[in-house]
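Let me begin by presenting the structure, written as structure tokens, before commenting on it.
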Amino acid sequence: AHGSGFDRISSFQDGFEKGTKFCTTIDDSRTFTQIPFKSGVDQANEGDLPLEEALQNGPKDIGDYWAQNFERIYDREWTPLAGVQTYPDSSKPRCDGHEVDAIEYCPADDKIYGSDRALAEVYEKSGDFGPMSLIGVAYGQAVRKRAGETINGEEALLGSICLSGAYAGDVFDERRDDAILLSPGDLDEATRALLDFAGHSGFFDARGTTGFDRVSAFRRGFND
């Protein structure tokens, strides 16, 4: 009856950005993201894949999304990333002279690096779509680099988050065959990851963005 947490935050942000008059137009024609479980197994798992499975299926599906959509959006040929690599804290990779601490896209290597510890922390606090969404942000940075756009600065970070939201919107609308399916609460998990992790130490530099900014950027990508 009350929609998902993502729906409620969206309504608050719409009121903040568009004003009282817009609020009077909200009715049942609005897109609500509260969805049922897809299967008994999904319900038994409370909508969450095991972490290892999420980190295997998520990056693969994000890569498939961009392989199918990058050329249409940017009118350029898509080049797959060199890899998405997880690592233990005892063996941190280096990128441009510094150690990677949590999740980072490294343009020098054209790889996304993710700390086992950091990814597990996001998973425990948010659920399976939390770490997937943050990897989606790193993918967004790789996409911007391929499109000839900067990956540095506040607007670049929000742009990358927006691209992660576009991927989530594609999954929600089930536009691709054999793509992963969202479970109830997955978009809430993405929201929590953006609020609690994105922009904090090791999880992309905040560069002055607020949680409101980050969730709003994700929503823009999702709705487009």
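The values are calculated or read from the model by the stated rules, or taken from the named source; none is laboratory data. Source: prediction; values computed, not measured. Note that each Cβ is placed from the backbone with ideal geometry, even for glycine, and that neighbours are counted across all protein chains shown. Only protein heavy atoms, including side chains, enter the accessible area calculation; ligands, DNA and RNA are left aside. Shrake-Rupley method; radii C 1.70, N 1.55, O 1.52, S 1.80 Å.
Suppose we filter A147, A82 for residues that are loosely packed, with under 14 Cβ neighbours inside 10 Å, at pLDDT 95 or above, among the hydrophobic types (A, V, I, L, M, F, W, C) and more than 27 Å from D188 (Cβ to Cβ); which single one remains? Step through it out loud before you land on a result.
Working: A147 fails: loosely packed, with under 14 Cβ neighbours inside 10 Å.
It is A82.
Could you list, in sequence order, all residues of the range 56-94 that are within 16 Å of K145 (Cα to Cα) and out of contact with any helix residue (DSSP H, G or I) (no Cβ under 8 Å at 6 or more places or on another chain)?
Within the range 56-94, A67, E71, I73, D75, A82, G83 qualify.
E77 - would you say it is open to solvent by 60 Å² or more (accessible area, probe 1.4 Å), in a loop (DSSP other than H, G, I, E, B) and among the acidic types (D, E)?
yes
E99: surrounded by fewer than 17 Cβ atoms within 10 Å (Cβ to Cβ) and at pLDDT below 95, yes or no? Don't jump to the end; show me each part of the working.
On the way: surrounded by fewer than 17 Cβ atoms within 10 Å (Cβ to Cβ): yes; at pLDDT below 95: yes.
Answer is yes for this residue.
I need the full set of residues from the range 84-103 which are in contact with an Asp or Glu (Cβ under 8 Å, 6 or more places away or on another chain) and either assigned to a loop (DSSP other than H, G, I, E, B) or in contact (Cβ under 8 Å) with a residue 24 or more places away in the chain (or both), in order please.
T86, Y87, P88, D89, K92, P93
Hey, could you check the range 113-124 for residues that are out of contact with any Asp or Glu (no Cβ under 6 Å at 6 or more places or on another chain) and over 15 Å from H200 (Cα atoms) and say which is most open to solvent (accessible area, probe 1.4 Å)? Reasoning before the result, please.
Here is the first cut: in the range 113-124, the residues out of contact with any Asp or Glu (no Cβ under 6 Å at 6 or more places or on another chain) are 114-116, 118-124.
With the extra rule that they be over 15 Å from H200 (Cα atoms), the set shrinks to 116, 120, 123-124.
On the way: D116: 69, A120: 34, Y123: 44, E124: 144 Å².
In this case the residue turns out to be E124.
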